[in-house]
Structure formats: structure tokens, C-alpha cells
Protein chains: 2
Amino acid sequence: MTQELVAQLFGKALSNPILDRMDDAASLDIEGRIAFTVDSHVVSPIFFPGGDIGRLSMTGTINDLAMVGARPLYITAGFIIEEGFLLEELVRIVASMRDAADEAGVQVVAGDTKVVERGAADGVFITTSGVGSIPDGVRISGSNARPGDIIIVSGTIGDHGATILSKREGMDFEVELQSDCAPLGRLVEEMLAASSGIHVLRDPTRGGVAATLNEIAVSSGVDVEIEEEKIPYRGEVRAACELLGLDPLVLANEGKLVAFVAENDAAIVLETMRASRYGADAAVIGRVAEVESSRPRVYARTLLGSRRILSMPTGEQLPRIC
Amino acid sequence: MTQELVAQLFGKALSNPILDRMDDAASLDIEGRIAFTVDSHVVSPIFFPGGDIGRLSMTGTINDLAMVGARPLYITAGFIIEEGFLLEELVRIVASMRDAADEAGVQVVAGDTKVVERGAADGVFITTSGVGSIPDGVRISGSNARPGDIIIVSGTIGDHGATILSKREGMDFEVELQSDCAPLGRLVEEMLAASSGIHVLRDPTRGGVAATLNEIAVSSGVDVEIEEEKIPYRGEVRAACELLGLDPLVLANEGKLVAFVAENDAAIVLETMRASRYGADAAVIGRVAEVESSRPRVYARTLLGSRRILSMPTGEQLPRIC
């Protein structure tokens, strides 16, 4: 399997008029401000229920663009492949990328392939970079949360992290866990059309909702308070977390977002999300307050009314979750 | 060495106002058409005379942008790091990236870091993606070569490939070989300012000048003829090639370009290149002709006047040259 052969395979599977031109760089027309991002993907196992590294590499970067309010448009992909990796698995991975691209309405416009000797990489790593256009007037940032904002999560929490973990531990559940791996560009587009009061969007990947809320609290200089019983979970994720001794709030998600919305617009945004494919289980989980103590904090209120500090997940994070 | 620690190190070393915002994607203002490209870098050894994987990852992507006539502006970098890789080596690599960025006038606007377990990668891999702006009226493409065009190379050939190869073979030369690894954005800008007759630009990386000329011949549907004695080489590269039994025309370059220029503009373009830092050894090496036989070919004329077909380098290419 030579590098050229692989490059041809990718060129064919991901074909579009821009990619087909095969120049050193793609030439694109974009109006106005652009968003630009990157994500490396090293997930293990490479194939998992609900997706694979191909789908994940597309949705990860598409979602990063959507989280600044951009319309995802163009993707580049750099592949690092271990010599001896099966060609049929590569074909499956690239087909997944194509499906995700078509679903999200984006194009892969440039690619690069490097083959390294056996043992110098583990199967395949994919680094995707994305460009999107930011509509006029949209200013979404992790530092825009304001006291009074309502916090909405777009669906059940922890699905991706619990799936990868249980696969690695070799655990079997009666109902199989499934990654939530999905492109959120359309959901965000619909939300932005419904309201100009969306202040923050973020996808809670590594470190989960706990990390995301802590980052936003610090960036915006606010306190965040969530109500634990309002957070949506799948039963099988809860079961897996109990078995593994994990808090689902720190598990990675790959098809969910957290939105901070002006109070007056929260109802319409929630309704819009619930009408969208990847927002059907959306729920209000908390709100933003003025900073109470010496520094911004995230609090979780339990069913019984007590309140604990939900801290930033620390120590070694699980490697190769995405 | 945790992922967070590394991310902080990178954020500090590559700091600029856009990167510092730490949103999921960078938000940028660019006028007009944009160029977008990607390159994964897996070079071994990671440090080599004339550069390292950090400098190479910047210049590789900067040069891809320049080769479509774009002004390189913004870079993203995805790092895949093997657990246990030395922090001080990472510091050196990121400092190299910063130096190359400053030299080329580009900014690293987003980054991602994944740490994988020992043995799952070999040291560090860096995938960079770049965005540049294409000036109005610039239409540079591998398919634009026309009969009569003059072919110019920007300097000595084979320096990078010969350096990596001889390091791997453990060879020692009296005069040390050095990679040519350099950003070519300014050189291209000056060339475009001097002439509107530049039809093709390409950097002869993997597969060297031989591969580049063959690609252009096929894309443009023309024959290419070069004169062997006009191709500039360093003496130590020639010596290394003789020892290793290699043709310098198939060796990778990382700071050179090949330009196809309208005959009338060739003199002014050559003069402009020679006045520029990375074009001092520029030379005319050949010209474009109508296709002579059934398909486009590249011919090399020897000092004695005989002519051989310079074919596309085939078979397994040297892995991890960049």
C-alpha cells in the first residue's frame, strides 16, 4: 500500500470540484469574516458503536466552527497511517468522512497522507482543519456569558465517553452504548435564526460538561449554577458510570452543545433545538449568576437542595478519547 | 507531562491576540478569495541540520499557500505527541515554529494537542493547515503551463532530501549537508509584483523536481524540456548522491520553487528572484513545448546533447522525509 495509492483512494472517495483540481492549496470564495480551527484525532478503538475516527474527525472540526456561530464550509484532512493498516478499513473510514461531509453540507478541499513504518503510529491518526463563514453581527464567544443567562444542553450527556471507555474495558451492556458523534452546524444555524440572544456556544468534548462550564465561568468572570436532576442522561450511560465509578459530567460528548442564552430568548431557543434532529432531548440545566466568592465557580445543586462545587476535572485525562 | 501542560506551553510560545482568545475556532477577517491547505509532518529525525519538524511544519504549509499565489496569513497546528517525549525538545520545536512564523509574517491562530501512549506514535507528529489571501487577478495553477514558458528553479536542488538521507544512513561529509527548509511567501510576493506572466508555481517536495515537472506536464498537457547542466546543486549534495546512488532530481526540497513564466517576463522574474533572500541561486533550467508524442513527457537534455525521458519517480518513496 503506497502513499500514492492511498492518496488516490481518498481523492476518489472525497471527490468534489475543488479537491479534484489537485493544486498545492484550494482556492475558495468566502464572504465576510471566517472561522478557522483544527483538531487531531487519535481515538482508540478506531471503530466504535455510533461512529469511527473518520466521522469523528469531521464532526469534531465542524462542531468547533459551529461553536463560534460559523457556518462550516470547507475541511482539510491530514492522514498519518501506519504501514500495514488494512486498506478496507481505510475505505470504511473515508466513506464515513464522506457521509459526514454530505450530511453537514461541507466539502473536503485538501488532503495530505503520510505513511509511517510499522510501530511508528497506531493504525491511523486524522487531523482535520476547518473554515467557515461567520454571519454578520454574530459574536459568540466563551467570554460572553452574562448573569441571568439560561444554560441549555442539547441532549443526553456522556454518550461518547461512556461508549469508548466501556469498549476499552471490554464491558457489555444489555442495551449497547452508542457515541453521539454528530455534526451540529444545522442545529446552530437554526438557533441563530431563532434568537439574537445566544451569548455562548461550546461543545463539551474532553473533560465533558464540567470542564466546559468551568472554562466559560472563568472566561466570562461569572458563576454558573446547574441543577443535577435536570441533566439528561441515557440509562445505559448512568449504569456504565456507576460500574466504572465515573461522573458523567466529566465524560466527553461529540454531538452535544451547551448554550448560554439571554433569559427572554431561552424558551424560543429551547423549542427550536427540540425541533431539530440533534437537539430533540435539549433541556435547561441551569443559569448564570454574579460571582459570589473570590473567583468564578461552577455549582451543582442536588435534588435535596444541597450545593457542591463542580470543579475543573484535573489530573491525567483519559487518553485517546477523540 | 499532561496534555494541558503541553497546551499551555504552546499557547505561550505561539501567543498572539487571536490565539490568546482560546475560543473553539479563531475568527478572522480576510478580503477576497482565500487559499486553504494542509500538510502532515512526520519527518525522522525530528531535528536535522538546517531545521526541525517545527520549522518544517510551518514552511511546508506556508509554501503550499504561496504556490497558488496566496499571501500566507494564518496557520493552525495539530500535535500528536508520544508520552515520554522530552519537554525540552517540545520547547525547541515550538520555538522553531514561532521563529518561522515571525520570519514569514504569519500567525498560528488555533492549535490542538493529543498525547498518545508510549509506542503509539514516534516522538511527535505535526499537522499544519494554512489560510492565505489570493490577490485579485492572480490565477496560478499547475494546469496553466503554456508552450514557450521558461522554467526557473529558485536555487540549489536536493538539499533537504540529501540531508535527511545522509543523517539516517549515519554518513559524515566534510562540509555538512543542510536542509533548505525556508518560507517562500515573500519571494513569491516579489515575483508576482514584478510580473503578471507567472503561470505555474510549485515547490518540489516529495519526489523532487522530477515529480513536480511530470505533474505539471500532465496537468497542463504540455512537454517539458530541461537542460541538466543548468540545474544548480551544492557540491556536497552531488557527492552524497554519488555515494548513495541517487538522482538529485528526485530528492525532496523544502525551500525551493519551480516557476513557469511567460518568455517575455523570464528575465525580470529571474532578476527579481536573485535579489531575494531565498532566490539568490535562481536559474533558468528549461522550457515548455507542445506535446511531441502521444502523451505529455519531461525530457532532460545532457551536456553532450543527448536527451532522456525524465519519468515520474515510481515505487516506494522514501518514508518520513517530511
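The values are calculated or read from the model by the stated rules, or taken from the named source; none is laboratory data. Note that this is a predicted model, so its numbers are computed, not measured. Because the Cβ atoms are built from the backbone with ideal geometry, glycine has one as well, and the counts that use them run over all protein chains shown. For accessibility, only protein heavy atoms count, side chains too; no ligands or nucleic acids. Shrake-Rupley method; radii C 1.70, N 1.55, O 1.52, S 1.80 Å.
Points worth noting:
- Counting only lysines at least 8 places from B:K114 when in the same chain, those with an alpha carbon closer than 23 Å to its own are A:K114, A:K167, A:K256, B:K12.
- Kirkwood-based Rg to Rh ratio, chain B, C-alpha trace: 0.98
- Close amide H pairs (under 5 Å, H built 1.01 Å from N) link B:I285 with B:I151, B:I152, B:V153, residues at least 5 positions away or on another chain.
- For region B:2-134, the solvent-accessible area of protein heavy atoms averages 31 Å² per residue (probe radius 1.4 Å; ligands and nucleic acids excluded).
- Remark: label point of B:R301 defined 7 Å out from Cα along the Cα-Cβ vector; separations to the same position in other copies 8.6 nm, ascending.
- Using a 1.4 Å probe over protein heavy atoms, the accessible area lost on pairing B with A, summed over both chains, comes to approximately 4600 Å².
- Once backbone amide H atoms are built at 1.01 Å from N, B:G111 has B:A77 as its partners under 5 Å, excluding neighbours fewer than 5 places away on the same chain.
- Dipole magnitude of the protein assembly as shown, debye to nearest 20 (Cβ charges: Lys/Arg +1, Asp/Glu -1, about Cα centre): 400 debye
- Other protein chain Cβ atoms within 10 Å, averaged over every residue that makes up A:66-78: 4
- Accessible surface, 1.4 Å probe, highest first, among residues B:L86, A:L304: A:L304, B:L86
- The phi torsions of region B:243-251, fed into the Karplus equation with coefficients 6.51, -1.76 and 1.60 and a -60° offset, translate into couplings of 4, 8, x, 10, 8, x, 5, 9, 7 Hz, rounded to whole numbers, with Gly and Pro shown as x.
- Coarse-grained scattering of the protein assembly as shown at q = 0.09 Å⁻¹, given as base-10 log I(q)/I(0) from a Debye sum over alpha-carbon atoms: -0.73
- Per-residue mean of foreign Cβ neighbours for A:15-26 is 6 (Cβ atoms of other chains, 10 Å radius).
- With a simple spin-label model that places each label point 7 Å from the Cα along the Cα-to-Cβ direction, the separation between A:N264 and B:Q8 comes to 4.2 nm.
- Using equal-weight Cα scatterers in the Debye expression, the normalised intensity of region A:101-252 in log10 at q = 0.21 Å⁻¹ is -1.35.
- Taken along its three principal axes, the alpha carbon spread of region B:2-134 comes to 45, 32, 23 Å, from the longest extent down to the shortest.
- For the residues of A:195-206, the average number of beta carbons from a partner chain within 10 Å of their own beta carbon is 1.
- Taken as Cα centroids, region B:161-230 and region A:125-159 sit 42 Å apart, rounded to the nearest whole angstrom.
- Given charges at beta-carbon only (K, R positive; D, E negative), |dipole| of region B:2-134 in Debye: 240 debye
- Share of carbon and sulfur in the accessible heavy-atom surface of the protein assembly as shown [1.4 Å probe, %]: 48 percent
- Summarised as an ellipsoid, region A:188-252 has semi-axes of 26, 16, 11 Å, derived from the eigenvalues of the Cα gyration tensor scaled by 5 and square-rooted, with the largest first.
- Prolate/oblate/rounded call for region B:181-312, Cα gyration tensor, a/c under 1.5 rounded: oblate
- Summarising the label geometry, the points placed 7 Å from Cα in the beta-carbon direction at A:E31 and A:R277 lie 2.5 nm from one another.
- Theoretical ellipticity at 222 nm over chain A - DSSP helices of four or more residues, -39500 (n - 2.57) apiece, nearest 500: -9500 deg cm²/dmol
- The smallest convex shape that holds all Cα atoms of region A:130-209, its convex hull, gives 138 Å³ per residue.
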